[in-house]
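Q: Below: one structure in structure tokens.
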Amino acid sequence: MLEFIYYAFVFLFVIMEVRYIFNCRREIELSKLVEEKGKIDYHLQDEETKRAVRTFLYRFGVVFVVLFLGLLTSSWPLVLLLLVTSIALAKPFKWLRKHKPEVHVIAIWLNSIFGLAIGLVLLLNYVHIGLNFSEIVQNFF
């Protein structure tokens with residue numbers, strides 16, 4: 001049952017990545033809004049900012065569950081790859097947002113495609129393929 005709940009979160013993660021791919025500019029604007037106005041007391045914010053903060057917290061919760069609980073599954077090498085690339089690219093993405101906004105949009109779009117690919121592999125592996133990535137890594141090394 002717990003495995004099913006985890007993969008339901010992976011499905012939500014895939015849906016979020018698809019939304020990011022098709023609405024990349026809007027999603028970046030929402031994250032800028034949260035970064036700028038999210039520091040204000042929640043009760044003093046306007047409705048658009050409150051909605052953006054709730055959306056951000058929802059996304060953060062789903063990504064947190066997928067990444068950190070995914071490290072406890074047999075697909076941990078894929079989840080670790082996604083986690084490491086996301087952390088490694090966070091600083092350059094912040095620099096790009098300030099200095100080259102158009103390149104930033106493309107970089108976020110490519111990162112979302114990578115996250116979508118990993119999420120789909122996780123789902124397909126759970127539903128149909130059934131590979132144990134832990135054993136593959138252990139046999140490789």
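Q: What does the charge add up to near LEU57, with Lys and Arg as +1, Asp and Glu as -1, over the other residues with Cβ less than 13 Å from its Cβ?
A: With Lys, Arg at +1 and Asp, Glu at -1, the net is +4.
Q: Now, a different point. Within straight cross-link reach of LYS98, meaning Cα distance under 14 Å, which aspartates and glutamates are found once same-chain residues fewer than 8 apart are removed?
A: GLU29, GLU35, GLU36
Q: Okay, moving on. Compute for the stretch 82-141: radius of gyration divided by Kirkwood radius, i.e. Rg/Rh, restricted to C-alpha atoms, rounded to two decimals. Show your work: numbers first, answer last.
A: Values: Rg = 15.6 Å, Rh = 13.5 Å.
For the stretch 82-141, the value is 1.15.
Q: To continue, here is another question. Normalise the Debye intensity by I(0) for the chain, one equal point scatterer per Cα, no solvent, then take log10 at q = 0.11, 0.14, 0.20, 0.21 Å⁻¹ and round to two decimals.
A: -0.47, -0.73, -1.24, -1.31
Q: List, in the order given, every pair from LYS32/LYS91; LYS32/LYS100; LYS50/LYS100; LYS32/LYS94 whose Cα-Cα distance in the structure shown is over 18 Å.
A: Cα-Cα > 18 Å for LYS50/LYS100; rest within.
Q: Please list, in chain and number order, the residues 5+ apart from SER74 or on another chain whose amide H is under 5 Å from its amide H, with Hs placed from the backbone.
A: none
Values in this text are rule-based calculations from the coordinates and carry no lab data. Here the structure is a predicted model, which is why all the values come from computation and not from measurement. Positions of Cβ are backbone-derived with ideal geometry, glycine not excepted, and every protein chain shown enters the neighbour counts.
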